[in-house]
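Student: After the structure tokens below, expect a handful of questions from me.
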Amino acid sequence: RKEVEQDPGPFNVPEGATVAFNCTYSNSASQSFFWYRQDCRKEPKLLMSVYSSGNEDGRFTAQLNRASQYISLLIRDSKLSDSATYLCVVNYNTDKLIFGTGTRLQVFP
Amino acid sequence: DAGVIQSPRHEVTEMGQEVTLRCKPISGHDYLFWYRQTMMRGLELLIYFNNNVPIDDSGMPEDRFSAKMPNASFSTLKIQPSEPRDSAVYFCASSPRDRGRGETQYFGPGTRLLVL
């Protein structure tokens, strides 16, 4: 079983739609959680951290469920510029990050 | 401020040749990470350094791969001899002191390697 699992997609949604991505992780000792965004042929960049109580950044909402070892990312009012691959990332309180293989989002007009 | 700098950006070589990838981390960052990304396996950590010292190289695929960090502003990842299965995008990332965990890893633009 992979340490971090994501649905690869692609998710094809129209502009203005709400879309949600899920991610599961296998190590219950995981301490920190993040979503990174990677545009086509570019490097990954931090989108947002995921906190236990859930957190929001504009149109983006991240949720964490430790009991189910599950992380989610919700994007409201999708924009064309949101088209990218979204990487779920887990840290076991070390210096290392464990990346999921990513979920591809394509927003169309 | 300059971000993480990697060179070359693209490399095409023939099987058996030596390949050297270079990375200049962000000034003042104490951690440096080397990753490899493929469609099949996603982003994999190969090795990372703290204060120029290799801490964990368990992700290095085999003896053909080696990495060095002779000083705080420069690191290399070498593949010798290269094989077609080494074809991937290689990313370097850096992070400040005590913040190696997660959110403050800054990635370079990557080196696209194709081994024929």
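The values are calculated or read from the model by the stated rules, or taken from the named source; none is laboratory data. These numbers come from a predicted model, not from an experiment. We place every Cβ from the backbone using ideal geometry, glycine too, and count neighbours over all the protein chains shown. Calculation scope for accessible area: heavy atoms of the full protein, side chains included, ligands and nucleic acids excluded. Shrake-Rupley method; radii C 1.70, N 1.55, O 1.52, S 1.80 Å.
Student: Mind checking the per residue accessible area of chain A for me, 1.4 Å probe, whole number of Å²?
Tutor: Result: 48 Å² per residue.
Student: Additional query: Could you calculate the FRET efficiency of B:Ser87 with A:Asn65 from 1/(1 + (r/R0)^6), where r is the beta carbon distance between them and R0 is 41 Å, rounded to 0.05? Walk me through the numbers before you get to the answer.
Tutor: Numbers: r = 38 Å, r/R0 = 0.92.
Calculated transfer efficiency: 0.60.
Student: How much of the accessible area of chain A, probe 1.4 Å, is carbon plus sulfur, in whole percent?
Tutor: Whole-percent figure for carbon plus sulfur exposure: 47.
Student: Which of the GluC sites (Glu not before Pro) across the range B:1-36 are loop residues per DSSP, with 11 or fewer other Cβ within 10 Å?
Tutor: Working: sites: B:Glu11, B:Glu14, B:Glu18; in loops: B:Glu14, B:Glu18.
The qualifying sites are B:Glu14, B:Glu18.
Student: A further question on this structure: Read phi for every residue in the range A:59-76 and hand back ³J(HN,Hα) as whole Hz from Karplus 6.51 cos²θ - 1.76 cosθ + 1.60, θ = phi - 60°, with x for Gly and Pro.
Tutor: 3J(HN,Hα) across the range A:59-76, in whole Hz: 7, 9, 10, 10, 10, 10, 10, 5, 4, 9, 6, 9, 10, 9, 9, 10, 10, 9.
Student: Okay, moving on. How fast does chain B diffuse by Stokes-Einstein, in µm²/s, taking the Kirkwood radius from C-alpha pairs at 20 °C and 1.002 mPa s?
Tutor: Values: Rh = 14.0 Å.
Diffusion coefficient, whole number: 153 µm²/s.
Student: Also, quick follow-up: Straight distance only, please: which lysines reach the Cα of A:Lys96 with their own Cα at less than 22 Å, same-chain residues fewer than 8 apart left out?
Tutor: Qualifying lysines at Cα under 22 Å: A:Lys2, A:Lys42, A:Lys45, B:Lys24, B:Lys68, B:Lys78.
Student: Amide H neighbours of A:Met48 under 5 Å, counting only residues 5+ apart in sequence or on other chains, H built in-plane at 1.01 Å?
Tutor: Amide H neighbours of A:Met48, under 5 Å, 5+ apart: A:Trp35.
Student: What FRET efficiency comes out for B:Gln17 versus A:Gln31 if R0 is 45 angstrom and r is the Cβ-Cβ distance? Round to the nearest 0.05.
Tutor: 0.60
Student: With a 1.4 Å probe and every protein chain left in place, work out the accessible area per residue of the range B:47-98 in Å², rounded to a whole number.
Tutor: 48
Student: Sticking with this structure for a sec: About the Cα centre of chain B, what is the dipole size in debye to 20, counting +1 per Lys and Arg Cβ and -1 per Asp and Glu Cβ, all else neutral?
Tutor: It comes to approximately 220 debye.
Student: For the range A:31-43, what does the Karplus curve 6.51 cos²θ - 1.76 cosθ + 1.60, with θ = phi - 60°, yield as ³J(HN,Hα) per residue in whole Hz, taken in order and with x for Gly and Pro?
Tutor: 10, 10, 9, 8, 10, 10, 10, 10, 6, 4, 6, 10, 8
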